[in-house]
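Written out below as structure tokens is the structure these notes cover.
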Amino acid sequence: MTNLFVRFLVGGLAMLAAIGYKNYRELSAPGKRPELDNNAYWGPELSKQNYKENKAILPYDISVNPEVIADLKSQLSRPLKLQAPLEGVGFEYGFNANELQKVVKYWRDTYLTKWGEREKYLKKLDHYQTEIQGLKIHFIHAKPSKEAIKKGKKVLPLLLLHGWPGTVREFYDFIPLLTAGSDKSNYVFEVIAPSLPGYGWSQGSSKTGFGVAQVAVVLRNLMVRLGFDKFVVQGGDWGSLIGSNVASLFPENVLGYHSNMCANNSPMGSLKLMLSFVFRSWFVDEQNAHFYKGFGGIFSFLMEEMGYAHIQASKPDTIGNALIDNPIGLASYIGEKFSTWTNPAFKTLPDGGLTKRFTYDQLLDNIMIYYVTNSITTSMRLYSESMSKAQFALAVDSLPITAKTGCTRFAYELLHVPDGVLTNKFPNLVHSTHQQDGGHFPAFELPQQLYEDFTAFVQKAEL
């Protein structure tokens with residue numbers, strides 16, 4: 001009887017081992033490139049019947065109609081009917097009403113009175129527009145300086161990608177560093193920084209199903225349109241996910257991928273992330289252990305800070321309708337992220353620490369781009385389209401990125417993923433760093449630090 005029990009036990013364990021091995025093989029197997037239409041039309045239905053893509057690359061004037069500015073000033077001049085914050089509360093409940101009053105006053109009485117100066121500043125980089133797959137796509141094109149070329153620097157095309165609630169305004173101090181070069185790097189960059197479709201001056205899709213994979217196709221086609229068959233990608237937030245999709249779907253085009261928010265959302269990546277909570281020392285070295293929140297920290301973060309993502313993924317038009325043509329609501333909704341996402345400790349401060357890293361002018365420039373282009377709703381639809389069953393079914397996350405990859409982690413980023421979790425997604429991870437400062441918007445907040453990390457990656461990768 002004992003012998004029979006041992007046989008059953010051994011047989012059962014062998015069966016479990018076989019099932020576990022089979023499931024492991026299936027989880028770890030690299031995915032296959034999904035069948036995507038690289039020429040899919042995303043414009044209005046009325047235009048499709050007679051559609052012929054206009055491939056012209058034209059300068060784009062971002063000037064704002066003075067009537068829009070006058071109307072905005074009128075709206076900001078209305079009596080504010082804000083609910084007073086609870087006693088002793090900073091930004092824990094969201095944007096503090098007392099601070100919002102200060103922002104609105106500055107916006108109305110100082111910022112708008114010098115709008116010509118701010119508009120001139122936004123025009124200091126060269127803006128262009130072209131039509132890709134039925135969408136009018138806006139982008140900044142910044143060429144390397146003549147001085148850098150004279151010094152014999154190697155020029156690399158760079159696709160530079162922002163996220164939400166950012167815009168290309170995040171890059172205004174970062175781009176000049178990239179195009180000027182430095183004595184510490186042999187490289188200089190020709191930068192293409194598009195407004196993501198549905199953001200700022202780029203047209204949003206008229207159709208459902210336009211998630212990160214489809215955006216990646218559009219932006220890859222933009223680079224090819226501009227004559228760049230090989231290029232480097234850098235991004236954070238949505239820019240990280242879209243850039244990852246570009247690198248996964250078009251390995252023939254991507255020389256290297258660098259991100260300040262590397263993630264691995266493949267099934268194997270998710271499993272390894274869960275294992276890292278239990279067997280922490282296997283994945284995280286002690287020197288950088290404070291970067292990784294563990295299960296409890298991540299759960300608390302999801303509960304406290306991700307409500308916005310849920311509503312934007314489920315009912316983007318509801319919140320969008322509430323914010324359109326509502327400058328004070330827009331400033332509150334967007335501005336709060338530049339407090340908490342820059343440093344979570346800032347939410348305990350009455351002013352949210354907004355001016356510890358940014359000026360009111362910087363923050364309002366970014367908000368103005370959403371306001372004058374009426375793009376808040378279309379920007380938030382990316383959440384809904386990217387978190388759908390159809391998008392997950394493409395399984396792009398299971399496609400390894402073969403290009404050389406660099407990942408940097410700024411101290412107060414929303415979430416950090418250790419190298420051990422990233423390996424199956426980024427088998428060619430050649431550069432991994434931890435920054436002791438900075439948050440979710442490093443190009444905006446610490447452009448020099450991001451530049452040095454990015455160029456260190458490029459130098460190390462020998463692109």
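The values are calculated or read from the model by the stated rules, or taken from the named source; none is laboratory data. The structure displayed is predicted, hence computed values, not measured ones. All Cβ positions, even for glycine, are placed from backbone atoms using ideal geometry, and neighbour counts span all protein chains on display. Remember, those area values only see protein heavy atoms, side chains included, never the ligands or the DNA or RNA. Shrake-Rupley method; radii C 1.70, N 1.55, O 1.52, S 1.80 Å.
Taking interchain pairs and intrachain pairs at least six residues apart, which have beta carbon atoms under 6 angstrom, with the first residue in segment 91-109 and farther than 16 Å from Ser77 by Cα and the second charged (D, E, K, R) and part of a loop (DSSP other than H, G, I, E, B)?
Correct list of pairs: Gly94/Glu336; Phe95/Glu336; Glu99/Asp351.
Any residue at all in segment 252-266 that's assigned to a strand (DSSP E or B) and either of a type in the set (D, E, K, R) or touching a Lys or Arg at 6+ places or on another chain (Cβ under 6 Å) (or both)? Lay out the reasoning, then the answer.
At the first step, the residues of segment 252-266 found to be assigned to a strand (DSSP E or B) are 254-259.
Filter once more, keeping what is either of a type in the set (D, E, K, R) or touching a Lys or Arg at 6+ places or on another chain (Cβ under 6 Å) (or both): 255-256.
Looking through segment 252-266, at least one residue is assigned to a strand (DSSP E or B) and either of a type in the set (D, E, K, R) or touching a Lys or Arg at 6+ places or on another chain (Cβ under 6 Å) (or both).
Just for segment 419-432: of the residues that are open to solvent by less than 30 Å² (accessible area, probe 1.4 Å) and within 19 Å of the chain's Cα centre (by Cα), which one is nearest to Gly31 (Cα to Cα)? Don't jump to the end; show me each part of the working.
So the first thing to find is which residues in segment 419-432 are open to solvent by less than 30 Å² (accessible area, probe 1.4 Å), and the list is 420-422, 425-426, 431.
Next cut, within 19 Å of the chain's Cα centre (by Cα) only: 422, 425-426.
On the way: Leu422: 15, Lys425: 10, Phe426: 13 Å.
So the residue we want is Lys425.
Kindly indicate the residue of segment 39-60 that is surrounded by 13 or more Cβ atoms within 10 Å (Cβ to Cβ) and not aromatic (Phe, Trp, Tyr) and also modelled with the highest pLDDT among those meeting that condition. Before you say what the answer is, go through the steps one by one.
Filtering segment 39-60 down to residues surrounded by 13 or more Cβ atoms within 10 Å (Cβ to Cβ) leaves 40-44, 48, 51, 53, 57, 60.
Next, only the ones that are not aromatic (Phe, Trp, Tyr) stay: 40, 43-44, 48, 53, 57.
Numbers: Ala40: 95, Gly43: 95, Pro44: 93, Lys48: 64, Glu53: 88, Ile57: 98.
The qualifying residue modelled with the highest pLDDT is Ile57.
Can you tell me which of Gly352, Gly335 is at pLDDT 95 or above and more than 23 Å from Tyr172 (Cα to Cα)?
Gly352
Residue by residue, here is whether (1) surrounded by fewer than 14 Cβ atoms within 10 Å (Cβ to Cβ); (2) in a loop (DSSP other than H, G, I, E, B); (3) in contact with a Leu (Cβ under 6 Å, 6 or more places away or on another chain) holds:
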{"site": "Glu87", "(1), (2), (3)": "yes, yes, no"}
{"site": "Gly90", "(1), (2), (3)": "no, yes, yes"}
{"site": "Phe139", "(1), (2), (3)": "no, no, no"}
{"site": "Gly152", "(1), (2), (3)": "yes, yes, no"}
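Specify the residue that is surrounded by the most Cβ atoms within 10 Å (Cβ to Cβ); the eligible residues are those in segment 270-291 that are in contact (Cβ under 8 Å) with a residue 60 or more places away in the chain and closer than 18 Å to Leu415 by Cβ.
Applying the filter and picking the extreme gives Lys272.
Scanning segment 398-416 for residues that are modelled with pLDDT of 95 or more and closer than 21 Å to Phe301 by Cβ, which turns out surrounded by the fewest Cβ atoms within 10 Å (Cβ to Cβ)?
Residue satisfying both the conditions and the ranking: Ala411.
Do the conditions hold for Tyr308, that is, is it within 30 Å of Glu117 (Cα to Cα) and aromatic (Phe, Trp, Tyr)?
no
Suppose we keep only residues that are under 30 Å from Glu87 (Cα atoms) and aromatic (Phe, Trp, Tyr) within segment 335-386. Which one would you say is surrounded by the fewest Cβ atoms within 10 Å (Cβ to Cβ)?
The extreme case among them is Tyr360.
For residues that are among the aliphatic types (A, V, I, L, M) and open to solvent by 30 Å² or more (accessible area, probe 1.4 Å), tally how many sit in segment 206-255.
Here the count works out to 4.
Determine, yes or no, whether Lys81 is free of Cβ contacts under 8 Å to residues at least 40 places away in the same chain, in a helix (DSSP H, G or I) and open to solvent by 70 Å² or more (accessible area, probe 1.4 Å).
No.
For Ser259, work out the one condition from (1) touching a strand residue (DSSP E or B) at 6+ places or on another chain (Cβ under 7 Å); (2) open to solvent by 10 Å² or more (accessible area, probe 1.4 Å); (3) among the hydroxyl-bearing types (Ser, Thr, Tyr) it doesn't fulfil.
All conditions pass for Ser259, except number (2).
List every residue pair whose Cβ atoms lie under 6 Å apart, where the two residues are 6 or more positions apart in sequence or sit on different chains, the first residue falls within segment 411-428 and is in a helix (DSSP H, G or I) and of a type in the set (Lys, Arg), and the second residue, located anywhere, is crowded, with 16+ Cβ neighbours inside 10 Å and at pLDDT 95 or above.
none
Across segment 142-189, what is the total count of residues that are farther than 21 Å from Gln129 by Cα and over 21 Å from the mean Cα position of the chain (by Cα)?
The qualifying residues number 21.
Exactly one of (1) open to solvent by 70 Å² or more (accessible area, probe 1.4 Å); (2) at pLDDT 95 or above; (3) among the polar types (S, T, N, Q) is unmet by Ser63. Its number?
(1)
Considering only segment 298-338, state which residues are small (Gly, Ala, Ser), farther than 19 Å from Gly198 by Cβ and under 17 Å from the mean Cα position of the chain (by Cα).
Scanning segment 298-338 gives a single hit, Gly335.
Being assigned to a loop (DSSP other than H, G, I, E, B), open to solvent by 40 Å² or more (accessible area, probe 1.4 Å), out of contact with any strand residue (DSSP E or B) (no Cβ under 7 Å at 6 or more places or on another chain) and charged (D, E, K, R), is that true of even one residue in segment 311-325?
yes
Taking only pairs six or more apart or across chains, which ones have beta-carbon atoms under 8 Å, a first residue in segment 170-186 that is closer than 13 Å to Leu160 by Cα and part of a helix (DSSP H, G or I), and a second residue that is at pLDDT 90 or above and among the basic types (Lys, Arg)?
Between residues of segment 170-186 that are closer than 13 Å to Leu160 by Cα and part of a helix (DSSP H, G or I) and residues that are at pLDDT 90 or above and among the basic types (Lys, Arg), the close pairs are Thr179/Lys143.
Here is a check on your reading of the model: is Gly438 in a loop (DSSP other than H, G, I, E, B), at pLDDT 95 or above and open to solvent by less than 30 Å² (accessible area, probe 1.4 Å)?
When the stated conditions are applied, Gly438 passes them.
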